[in-house]
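**Q** To start, I am sharing the structure in question, which I have written as structure tokens.
The values are calculated or read from the model by the stated rules, or taken from the named source; none is laboratory data. These figures come from a predicted structure and were not determined experimentally. Cβ coordinates were reconstructed from backbone atoms using ideal geometry, including for glycine residues, and neighbour counts include every protein chain displayed.
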Amino acid sequence: MRDYIRTIADFPREGILFRDVTTLFADARGFRMCVDQLLTPYAAEPIDKVVGLEARGFVLGGAVAHQLTVGFVPIRKKGKLPGGVLSEAYVLEYGEAVMEIHDDALKAGDRVLIVDDLLATGGTAAAAVRLCERLGARIVGCAFVIDLPDLGGRALLEGLGHEVFALTEFAGD
């Protein structure tokens with residue numbers, strides 16, 4: 001998987017090594033392999049919805065939901081969803097943000113798989129977990145293409161009692 005991921009130095013600010021998955025998405029074989037590997041640990045699990053995090057999680061989550069033949073639910077940045085929403089503020093590696101989900105997107109007891117491209121500090125994913133749980137959903141797992149283990153996101157999510165699966169990791173970033 002690492003061969004399909006481009007590293008861009010000093011983006012979005014100096015000292016950051018940005019792991020760019022758009023090169024993975026652009027390669028048909030790599031993208032197919034990525035989606036297949038993301039869903040493999042959950043293929044036998046009863047899942048009702050896949051939740052994707054803005055924005056690259058939409059690409060991945062939509063493809064995983066399609067392969068699992070389940071619905072897809074987006075979690076978006078504040079102000080991007082029409083209608084009634086639940087909001088959750090969180091801290092991320094570059095500041096603060098708010099994520100939102102439609103207030104009727106999940107129902108109590110729904111079994112949910114959360115999907116995104118990258119797990120860094122875990123702030124975005126933890127906000128997604130809280131939003132899903134506020135709607136009564138049960139988190140089956142949190143699946144990522146990349147884990148940056150030194151930034152603590154995996155430990156945060158596991159500390160909240162959730163399984164974390166990642167296809168690859170980049171230590172020291």
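**Q** Being farther than 23 Å from residue 11 by Cβ, surrounded by fewer than 23 Cβ atoms within 10 Å (Cβ to Cβ), of a type outside the set (Phe, Trp, Tyr) and touching a strand residue (DSSP E or B) at 6+ places or on another chain (Cβ under 6 Å) is true for just one of 79, 136, 141. Which residue is that? Working first, answer last.
**A** Numbers: 79 fails: touching a strand residue (DSSP E or B) at 6+ places or on another chain (Cβ under 6 Å); 136 fails: touching a strand residue (DSSP E or B) at 6+ places or on another chain (Cβ under 6 Å).
Answer to the selection: 141.
**Q** Another question, then. Across the range 47-65, which residue is surrounded by the fewest Cβ atoms within 10 Å (Cβ to Cβ) among those that are in a helix (DSSP H, G or I) and in contact with a Phe, Trp or Tyr (Cβ under 7 Å, 6 or more places away or on another chain)?
**A** Here is the first cut: in the range 47-65, the residues in a helix (DSSP H, G or I) are 56-65.
Filter once more, keeping what is in contact with a Phe, Trp or Tyr (Cβ under 7 Å, 6 or more places away or on another chain): 59, 61-62, 65.
Values: 59: 19, 61: 27, 62: 16, 65: 21.
Here the answer is 62.
**Q** Among the residues of the range 107-126, which ones are among the β-branched types (Val, Ile, Thr), in a strand (DSSP E or B) and more than 17 Å from residue 40 (Cβ to Cβ)?
**A** Restricting attention to the range 107-126, the residues satisfying the condition of being among the β-branched types (Val, Ile, Thr) are 112, 114-115, 121, 124.
Keeping just the survivors that are in a strand (DSSP E or B) gives 112, 114-115.
112, the sole residue that qualifies.
**Q** Against the condition of a type outside the set (S, T, N, Q), assigned to a loop (DSSP other than H, G, I, E, B) and under 23 Å from residue 100 (Cβ atoms), how does residue 136 come out, does it pass?
**A** Values: of a type outside the set (S, T, N, Q): yes; assigned to a loop (DSSP other than H, G, I, E, B): yes; under 23 Å from residue 100 (Cβ atoms): yes.
Criteria met by residue 136.
**Q** Additional query: Look at the range 65-83 and say how many of its residues are more than 17 Å from the chain's Cα centre (by Cα) and hydrophobic (A, V, I, L, M, F, W, C). If you could, list the steps in order and put the result at the bottom.
**A** Just the residues of the range 65-83 that are more than 17 Å from the chain's Cα centre (by Cα), to begin with: 69, 79-83.
Filter once more, so that each one left must be hydrophobic (A, V, I, L, M, F, W, C): 81.
Residues flagged as more than 17 Å from the chain's Cα centre (by Cα) and hydrophobic (A, V, I, L, M, F, W, C) within the range 65-83 amount to 1.
**Q** I would also like to ask the following. Out of all the residues in the range 2-16, which are on the phi > 0 side of the Ramachandran plot and surrounded by 10 or more Cβ atoms within 10 Å (Cβ to Cβ)?
**A** Taking the range 2-16 first, the residues on the phi > 0 side of the Ramachandran plot are 10, 15.
Residue satisfying the conditions is 10 alone.
**Q** Given the criteria at pLDDT 95 or above, aliphatic (A, V, I, L, M) and assigned to a strand (DSSP E or B), does residue 86 qualify? It would help to see each step written out before you state the result.
**A** Working: at pLDDT 95 or above: yes; aliphatic (A, V, I, L, M): yes; assigned to a strand (DSSP E or B): yes.
The answer is yes for residue 86.
**Q** Follow-up. Six or more apart or on different chains, Cβ under 7 Å: which pairs go from a residue in the range 33-52 that's within 24 Å of residue 126 (Cβ to Cβ) and in contact (Cβ under 8 Å) with a residue 60 or more places away in the chain to one that's part of a strand (DSSP E or B) and among the hydroxyl-bearing types (Ser, Thr, Tyr)? Could you list them?
**A** Hits for this filter: zero, empty list.
**Q** Can you tell me how many residues within the range 1-26 are assigned to a helix (DSSP H, G or I) and more than 17 Å from residue 120 (Cα to Cα)? Steps first, please.
**A** Start the filter on the range 1-26 by keeping residues that are assigned to a helix (DSSP H, G or I), which leaves 2-4, 22-26.
When the remaining residues are screened for being more than 17 Å from residue 120 (Cα to Cα), the result is 3-4, 22-26.
Number of matching residues: 7.
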